[in-house]
Amino acid sequence: MRRRLSLLVGSLVLTLGCSGDAFTAHPDVVAEAAGQSLSAERVAEILTSVKGIPVTAEAANFVGNLWADYTLLAQAIADGTLETDSATIHGAMWRDVAEFTAGHWFDSLIVERASPSTEQIDSIFRADSVRVFQHVLIRPQGSGASERAEARRAADRVLAQARSGTDFGVLALQNSQEPAAQADSGFLPLAPRGAFVPAFDSAAWMLAPGQISSVVETNFGYHVIRRATEEQARVRIANHLTSQMVPEMEQAYYAELDSTFSLRLTSGAVGKARDALANLTKAARNDSKLVTFKDGALTVGGFARWIQADVSNPIQGPQNLEAMRNLPDSTLELGIRQLASRYLFLREAERAGVGITADEWDMIADAFRSQIDTLKNTIGLGPDVIDPAAPEADRRRAAALRVDTFFDRMVRGEAPVRLLPGMLTWTLREKVGAKVNPAGVQHAVALATVRNGGDSTGGQSGSQPQLTPAPGGPPIIDGGDGQ
């Protein structure tokens with residue numbers, strides 16, 4: 001089970017904002033990265049060229065950060081400093097590694113702490129107040145008599161195959177037109193009498209374990225129903241009981257961690273967290289303690305890198321930073337505690353020897369390398385950028401040109417927005433540095449507003465760029481004391 005480790009789902013919302021130390025001079029420059037710069041004039045051109053993009057500081061900041069990401073990647077490729085070794089991949093894809101690890105640990109906790117007893121399962125089974133059914137649903141493709149007749153013939157064929165011994169789950173996967181049931185081999189949730197429409201319910205509750213009904217017609221179409229065997233029913237009852245026990249188990253486990261390890265926020269923790277949110281790149285190097293617990297601590301740097309993992313997507317993030325900064329102290333304090341608990345959760349998993357499998361690592365590594373290759377091809381980072389025989393200065397100039405050309409294509413809608421994998425953007429920013437200039441952002445907005453004849457909406461209300469990413473983690477926890 002993949003276990004999301006988002007910082008504060010439903011409590012805190014975060015974003016990728018300006019990175020690096022902000023600068024106020026040079027209002028003609030919106031962003032700098034790897035020795036390259038993005039002018040306010042260029043950003044104004046982009047803001048007024050993309051249909052529907054509002055002319056706002058948020059949109060200009062988004063463009064500046066996206067340009068910085070592409071520039072850092074392109075220049076690292078030109079310099080030959082972008083590695084795709086296991087350490088680099090682990091750092092960039094920490095969130096994926098952590099979620100697989102958390103999932104395995106959580107599954108082990110379920111087995112240990114949320115597994116129903118045989119007596120509990122027997123009690124529900126013997127009461128016979130709920131039953132488990134499978135079905136195949138064939139829907140008519142129209143409302144006419146011919147369409148209904150064709151659907152009935154298809155259901156008759158399924159019935160004949162089921163009664164001849166074909167696995168009912170396979171028949172559901174191949175034929176059922178109810179996606180929810182098809183996804184689980186035709187199994188329906190554990191249900192009491194009367195849970196389904198009358199015709200279905202009446203036929204289903206007449207079946208003995210393992211028995212298959214005749215074709216049953218309802219307003220939904222034609223059904224072939226099978227009652228689960230006793231063994232299958234017991235498995236489903238156990239799963240149902242487990243699902244009811246898990247939330248309480250999870251809450252109790254986190255409370256146990258906090259108590260066992262005496263989790264405590266340090267003096268001024270909320271203020272330290274707010275400072276970190278103002279500059280995540282700088283905060284990632286801060287070793288001062290934010291939360292202490294027995295034999296360890298969560299540092300400000302650890303906090304910042306967890307947040308980085310939650311905000312690495314520049315399209316989904318930029319709408320939320322101001323909301324985060326304006327949260328009351330009580331909510332932010334709760335968020336810090338939750339993050340520290342998740343830190344302890346992962347630490348306990350690693351201490352128990354729980355980690356990702358070789359297949360999971362291969363999947364993560366392959367995905368990372370594939371995304372890098374796709375970015376190279378999309379941006380056009382070809383031989384003139386990657387040829388080690390070419391002078392480095394020429395490679396860097398070529399890389400900058402390719403990023404500029406790619407932005408032109410993206411603005412015209414000829415190329416999709418593609419994001420750097422995982423936390424690679426933060427890895428590159430920490431190594432090389434990137435800055436977004438508030439004065440340059442405001443200047444770009446002013447220039448774009450003039451270009452639009454004073455209209456700052458771009459034809460739409462709202463503050464977010466209308467760009468869609470093409471389809472396509474926090475720090476490594478060691479066994480030390482976190483100091």
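Listed values, structure above:
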read-out	value
Residues being out of contact with any helix residue (DSSP H, G or I) (no Cβ under 9 Å at 6 or more places or on another chain) and assigned to a loop (DSSP other than H, G, I, E, B) - total across segment 249-275	3
Selection from segment 420-437 of residues that are buried (at least 18 other Cβ atoms within 10 Å of the Cβ) and either under 13 Å from ALA74 (Cα atoms) or basic (Lys, Arg) (or both)	LEU420, LEU424, THR425, LEU428, ARG429, VAL432, LYS435
Qualifying residue in segment 204-211 (condition: out of contact with any Gly (no Cβ under 7 Å at 6 or more places or on another chain) and either crowded, with 20+ Cβ neighbours inside 10 Å or assigned to a strand (DSSP E or B) (or both))	yes
Unmet criterion (only one of (1) surrounded by 18 or more Cβ atoms within 10 Å (Cβ to Cβ); (2) closer than 24 Å to ALA98 by Cβ) for ASP362	(1)
Those helices (runs of 4 or more DSSP H) lying entirely in segment 71-177 with at least 1 residues among the hydroxyl-bearing types (Ser, Thr, Tyr) and surrounded by 12 or more Cβ atoms within 10 Å (Cβ to Cβ)	86-92, 94-113, 118-127
Restricting segment 50-63 to residues that are more than 26 Å from the chain's Cα centre (by Cα) and β-branched (Val, Ile, Thr), the residue that is modelled with the lowest pLDDT	VAL50
Set ASP404, ASP384, ASP359: member being in a helix (DSSP H, G or I) and touching a helix residue (DSSP H, G or I) at 6+ places or on another chain (Cβ under 6 Å)	ASP384
Flag for VAL30 being in the same structural domain as ALA284 (by TED's automatic domain parsing), part of a helix (DSSP H, G or I) and modelled with pLDDT of 90 or more	no
Residue in segment 16-27 that is assigned by TED's automatic domain parsing to the domain that holds ALA367, at pLDDT below 85, of a type in the set (Val, Ile, Thr) and closer than 29 Å to ARG274 by Cα present	yes
Residue among LEU72, LEU7, LEU66 that is modelled with pLDDT under 85 and assigned by TED's automatic domain parsing to the domain that holds TRP306	LEU7
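The values are calculated or read from the model by the stated rules, or taken from the named source; none is laboratory data. Being a predicted model, the structure only gives us computed values, none of them experimental. Ideal geometry is used to build each Cβ from the backbone, glycine not excepted, and the neighbour counts take in all protein chains shown.
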